[in-house]
Amino acid sequence: MTNKIRLGFVGANVSSTWSAQSHFPALLASPDVELTAVCTTRPESAEEARQAFGAKLAFHDFRAMASSPEIDAVAVVVRVPSHYEPTKAAIEAGKHVYTEWPLGRNTAEAEELAALARTKGVQTAVGLQSRVSPALLYIKELIDSGYVGEVLSCHVTTMRDGTLERPSSRTWNLDASQGANTLTIANGHVIDALRMVLGNFTRVACMVTTQVQQMYETDTERYVEVTSPDNVRVSGQLERGAAVSVHIGAVPWAGSGFRMEIYGREGTLVTTGSVSSQRGEMLRVQGAKGSHELKDLTIPEHFVYVPDDFPRGDPFNVGQMYALFAEAIHTGKNRLPTFDTAVDLHRFIDTIKQASDTGRELPVA
């Protein structure tokens with residue numbers, strides 16, 4: 001293995017929105033990982049990606065790429081329903097794998113992939129980028145060091161821009177069975193950030209609803225039925241005893257972004273961002289200790305794992321992930337959210353959905 005991790009990237013289409021916003025610029029700036037091979041579903045788009053990103057190899061079959069001796073690891077950054085097959089192929093080929101969140105369409109897929117990875121002894125990472133956010137790592141450090149004292153309550157909101165219409169090529173995820181919606185993605189990221197900072201829930205009540213029940217397709221000029229939820233409201237209690245409320249929603253206009261408020265006996269911490277806990281600009285961190293006035297807090301440099309000139313915005317936390325992914329492969333010490341982390345979150349989301357479906361408060365295992 002070379003010093004720089006040789007990565008094969010599944011989903012390297014140059015027009016991919018999330019990859020173009022985050023993964024591609026992060027990889028091109030990474031001192032730790034080399035984009036060695038690209039894979040798309042067609043030879044033409046694979047070659048286009050190879051030329052665009054300066055990759056050595058182009059594939060249109062992820063199994064062929066996974067078996068290549070010229071790569072050390074695979075990144076799977078495609079639509080959620082397509083995560084399972086290339087991830088499984090990479091693990092079976094003995095490659096380390098970074099798969100975006102959600103790991104699978106459902107918990108069963110995630111459990112199978114995590115078990116296979118353990119059997120094969122490969123390093124894994126799942127794209128829960130909140131867990132490498134310098135701002136959130138700093139807040140966790142402050143909580144653990146007693147900045148707010150005993151945590152009494154926490155309130156989290158994330159209102160992200162949604163839509164009332166879209167072309168038919170983008171309505172696939174309106175079907176809840178595809179596993180890519182506000183409950184799994186936006187809520188998954190944000191509630192994972194909360195659990196990373198403050199710990200797990202012991203009991204939870206919830207309402208999961210679909211407020212926009214029909215979506216207008218701009219090209220077919222028809223309305224399609226929506227089964228995917230777009231609003232998630234969670235009330236619960238943490239293992240540490242704190243009361244928690246969470247509201248994650250997709251809204252048509254001017255979403256207010258991310259806000260987490262943590263209240264303790266001795267102080268308060270607030271972090272905010274214009275998009276979500278894992279995305280966008282560096283989150284703002286404010287604190288009040290023995291005071292009713294919030295003041296900006298400076299995030300320590302030791303939570304930054306990328307170079308000073310690394311691209312900001314969406315590439316930043318993804319770059320943090322790749323830096324720790326390379327570390328895990330080289331040293332065997334994995335500080336990342338792994339496939340086991342993903343399984344735990346999948347199961348918690350199942351509990352949230354069950355609490356909503358039954359209208360009951362449920363214990364959290």
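The values are calculated or read from the model by the stated rules, or taken from the named source; none is laboratory data. Just so it is clear, the structure is predicted and the values come from calculations on it, not from any experiment. Cβ: placed from backbone, ideal geometry, glycine included. Neighbour counts: every protein chain shown.
Brief remarks follow.
- A single entry from VAL251, VAL212, VAL224, VAL246 fulfils the requirement of being of a type in the set (A, V, I, L, M) and within 18 Å of ASP192 (Cβ to Cβ): VAL246.
- Looking only at residues in segment 197-233 that are part of a strand (DSSP E or B) and hydroxyl-bearing (Ser, Thr, Tyr), the one that is surrounded by the fewest Cβ atoms within 10 Å (Cβ to Cβ) is TYR223.
- Residue match in segment 157-164 (condition: farther than 30 Å from ILE299 by Cβ and surrounded by fewer than 17 Cβ atoms within 10 Å (Cβ to Cβ)): yes
- Failed condition for SER291, given (1) over 19 Å from the mean Cα position of the chain (by Cα); (2) modelled with pLDDT of 95 or more: (2)
- Considering (1) closer than 26 Å to VAL234 by Cα; (2) at pLDDT 95 or above, the lone condition that GLY162 does not fulfil carries the number (2).
Rundown of residues vs (1) surrounded by 22 or more Cβ atoms within 10 Å (Cβ to Cβ); (2) free of Cβ contacts under 8 Å to residues at least 40 places away in the same chain, yes/no style:
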site: PRO315; (1), (2): yes, no
site: PHE339; (1), (2): yes, no
site: THR351; (1), (2): no, no
site: GLY359; (1), (2): no, yes
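- Verdict on LEU113 being modelled with pLDDT of 95 or more, touching a Gly at 6+ places or on another chain (Cβ under 9 Å) and within 30 Å of ALA328 (Cβ to Cβ): yes
- Options ALA66, ALA46; residue that is touching a helix residue (DSSP H, G or I) at 6+ places or on another chain (Cβ under 7 Å) and among the aliphatic types (A, V, I, L, M): ALA66
- Count of residues meeting criterion [more than 20 Å from ALA135 (Cα to Cα) and among the hydrophobic types (A, V, I, L, M, F, W, C)] in segment 185-212: 8
- So THR184, is it in contact (Cβ under 8 Å) with a residue 60 or more places away in the chain, farther than 15 Å from ARG79 by Cα and not in a loop (DSSP other than H, G, I, E, B): no
- Segment 195-210 residues that are free of Cβ contacts under 8 Å to residues at least 12 places away in the same chain, paired with ones that are not polar (S, T, N, Q) (beta carbon under 8 Å, 6 or more apart): none
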